[in-house]
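Structure, as structure tokens:
The values are calculated or read from the model by the stated rules, or taken from the named source; none is laboratory data. Here the structure is a predicted model, which means the values were calculated and not measured. Positions of Cβ are backbone-derived with ideal geometry, glycine not excepted, and every protein chain shown enters the neighbour counts.
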């Protein structure tokens, strides 16, 4: 059994299934230092490396936990597809779902003082809640007191309705049940406040394509297949950004008329989607537009991560 780590400043974190660094930016804003990052998606690694420097591109299953640097907090937005409402929903039986146990392997080997995991809210309810109970029990057996809550990004300063499940754990000697509480957040801006003044013409839809979307929506929405398309309310918030190919059509907006479309109907731009996820204006996307949409749909919302990190600091610094 390793000696329990004492508080040190700054607190350190390791970023697993790092994606494009939503967790990282949030925790850095809260004063943490990231000492390691890992993701095996080559396009995510390209974006991560462009913005932060080095990232380990290996499959997590090939990593020897003992070779990792020490860190205080493990961060992991582990794959959500096995638990999503879309797809086969095989949970922990899915190869991607089994990656959860490699997180536990790292927890057992490195014994960080705390962790934060993020996933879709449906993880709570899949197979009558049995999968989630198994996840919690496994984390408790690893020696952690576990807390969980669904948080909505729209309550943390960004105009996006995005409910995600966050699981936070602390070493049992570190925290008592009343010491940690999830952040409450605050109301967001409206969608129109984050729009660019002028979007590239390529974001606008042709009339023919838009009519095709409407036809697709009428054909498939009744049986729940496909997301269809939706004109967003600019005085409200955006629907959840998702990674699927049709996900970018969920938040169409009416903008100034354009040669391609006399009604000015267009998709949200990559920069607008980045703002919906709380990424800084300086954040770069060296990948295709298709990959950038996918990456943002899978990302952790930055201000949510920062709010959780701040609350965790209050516990870890005692």
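Remark: pairs (first residue in the stretch 244-257, under 14 Å from residue 276 (Cβ atoms); second residue buried (at least 18 other Cβ atoms within 10 Å of the Cβ) and modelled with pLDDT under 75; Cβ separation under 7 Å; 6+ apart in sequence or on different chains) = 247/227; 250/227.
Scan the stretch 162-173 and tell me whether some residue there is touching a residue at least 12 places away in the same chain (Cβ under 8 Å), in a loop (DSSP other than H, G, I, E, B) and over 23 Å from the mean Cα position of the chain (by Cα). Full working, then the answer.
Step one: list which residues in the stretch 162-173 are touching a residue at least 12 places away in the same chain (Cβ under 8 Å), which gives 162-173.
Checking the rest, the ones that are also in a loop (DSSP other than H, G, I, E, B) come to 162, 172-173.
Now narrow it down to the ones that are over 23 Å from the mean Cα position of the chain (by Cα): 172-173.
Looking for residues that are touching a residue at least 12 places away in the same chain (Cβ under 8 Å), in a loop (DSSP other than H, G, I, E, B) and over 23 Å from the mean Cα position of the chain (by Cα), one finds at least one in the stretch 162-173, hence yes.
Assess whether residue 175 counts as being modelled with pLDDT under 90, in the same structural domain as residue 147 (by TED's automatic domain parsing), buried (at least 19 other Cβ atoms within 10 Å of the Cβ) and within 30 Å of residue 138 (Cα to Cα). Show your work before the answer.
Values: modelled with pLDDT under 90: yes; in the same structural domain as residue 147 (by TED's automatic domain parsing): yes; buried (at least 19 other Cβ atoms within 10 Å of the Cβ): yes; within 30 Å of residue 138 (Cα to Cα): yes.
Yes; evaluated as a whole, the condition is true for this residue.
Out of all the residues in the stretch 109-129, is one or more in a helix (DSSP H, G or I), modelled with pLDDT of 95 or more, surrounded by 15 or more Cβ atoms within 10 Å (Cβ to Cβ) and assigned by TED's automatic domain parsing to the domain that holds residue 306? Taking every residue of the stretch 109-129 in turn, at least one turns out to be in a helix (DSSP H, G or I), modelled with pLDDT of 95 or more, surrounded by 15 or more Cβ atoms within 10 Å (Cβ to Cβ) and assigned by TED's automatic domain parsing to the domain that holds residue 306.
Can we say residue 274 is in the same structural domain as residue 173 (by TED's automatic domain parsing) and buried (at least 22 other Cβ atoms within 10 Å of the Cβ)? The answer is no for residue 274.
Here residue 264 fulfils each of the conditions (1) at pLDDT below 95; (2) at positive phi; (3) crowded, with 21+ Cβ neighbours inside 10 Å apart from (3). Which residues, counting only those in the stretch 152-165, are more than 18 Å from residue 233 (Cβ to Cβ) and buried (at least 22 other Cβ atoms within 10 Å of the Cβ)? Once the filter is applied, which keeps residues that are more than 18 Å from residue 233 (Cβ to Cβ) and buried (at least 22 other Cβ atoms within 10 Å of the Cβ), the stretch 152-165 yields only 156.
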